[in-house]
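A quick write-up on the structure given underneath.
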Amino acid sequence: MIRRRSPARVLPVVALLMFSSVVLRVLVGADSAMANTPDEQPEPDAAAPVAEPAQTADTSALLVAFQTREQRLVEREAKLVDRLQALSVVEQEVAQQLAALELAEKKLAATIAQAETASSVDLQRLATVYENMPAKDAAALFAEMPAGFAAGFLGMMEPLASAKIMSALPPEKAYSFSVVLAGRNANTPTQ
């Protein structure tokens, strides 16, 4: 039967082995680094290529590429900042124009409401004038009006005044006014 060791005993042993391996590598690497001091460096072989100039050329080319890219990024960032500022200015102008448009719309709505009210008041006054006229005189005026126009006034008047005017009109005119009055709310939705 194989006896197993507990993991608590194995872990310190493994850690000690790893630590000693690191110490050995450092010491061996330090010895080789000390052995090649600048005064005692071996002469390069004539056949061995020298890598330093190529590395320097590659490094300088990389540095130039990075600087060029950085310059392009700086220019692009400046363009973006300019564009954002221009967009901000345009946004402010649009906001001002929208505010002016909303104000003009409110003024126009008030003007239209005032005009409609004035028109309604004027039409009601005219209907009152027709109501107070003698029926024969009002009927003579109504006979000359288009049916839709006359029916509008007759609808605004008191029913008794409208009846007197209608009785004074020729029958065909009175009939056409009656048709318009009866049909003017026929297309109104009921629901």
On a straight-distance basis, which lysines could pair with LYS106 in a cross-link, Cα separation under 27 angstrom, same-chain partners fewer than 8 positions away excluded?
none
Over all pairs of distinct alpha carbons, what does the Kirkwood formula give as the hydrodynamic radius of the stretch 111-164, in Å?
11.7
Based on the Cβ-Cβ distance from LEU80 to THR56, what FRET efficiency comes out when R0 is 41 Å, to the nearest 0.05?
0.70
Find the Cα radius of gyration of the stretch 101-191, compare it with 2.2 N^0.38 Å by division, and give the number to two decimals.
1.36
FRET efficiency for VAL129 and LEU98, using Cβ-Cβ distance with R0 set to 35 Å, rounded to 0.05
0.15
Given the Cα-Cα distance of LEU11 and LEU73 and 0.36 nm per residue of separation, how much length would full extension add, in nm?
17.1 nm
Of ALA104, PRO171, LEU141, which is farthest on the positive side of the dipole of the stretch 75-191, counting Cα position, with +1 on Lys and Arg Cβ, -1 on Asp and Glu Cβ, and the Cα centre as origin?
PRO171
Accessible surface, the stretch 138-191, averaged per residue in Å² (probe 1.4 Å):
63
Name the lysines eligible as straight-distance cross-link partners of LYS173: C-alpha to C-alpha under 19 Å, and not fewer than 8 places from it in the same chain.
LYS136, LYS164
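With a ≥ b ≥ c the root eigenvalues of the C-alpha gyration tensor of the stretch 60-140, is it rounded (a/c under 1.5), prolate (a/b larger than b/c) or oblate?
Taking the square roots of the gyration eigenvalues as a ≥ b ≥ c, the stretch 60-140 is prolate.
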For LYS107, give me every one of the lysines with a C-alpha distance below 16 angstrom, ignoring sequence neighbours fewer than eight places off in its own chain.
none
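The values are calculated or read from the model by the stated rules, or taken from the named source; none is laboratory data. Everything numeric in this text was worked out from a predicted model, so none of it was measured. Cβ sites come from the backbone with ideal geometry, for glycine too, and all protein chains shown count toward neighbours. When the accessible area is computed, the model is the full protein with side chains, heavy atoms only, and any ligands, DNA or RNA have been set aside. Shrake-Rupley method; radii C 1.70, N 1.55, O 1.52, S 1.80 Å.
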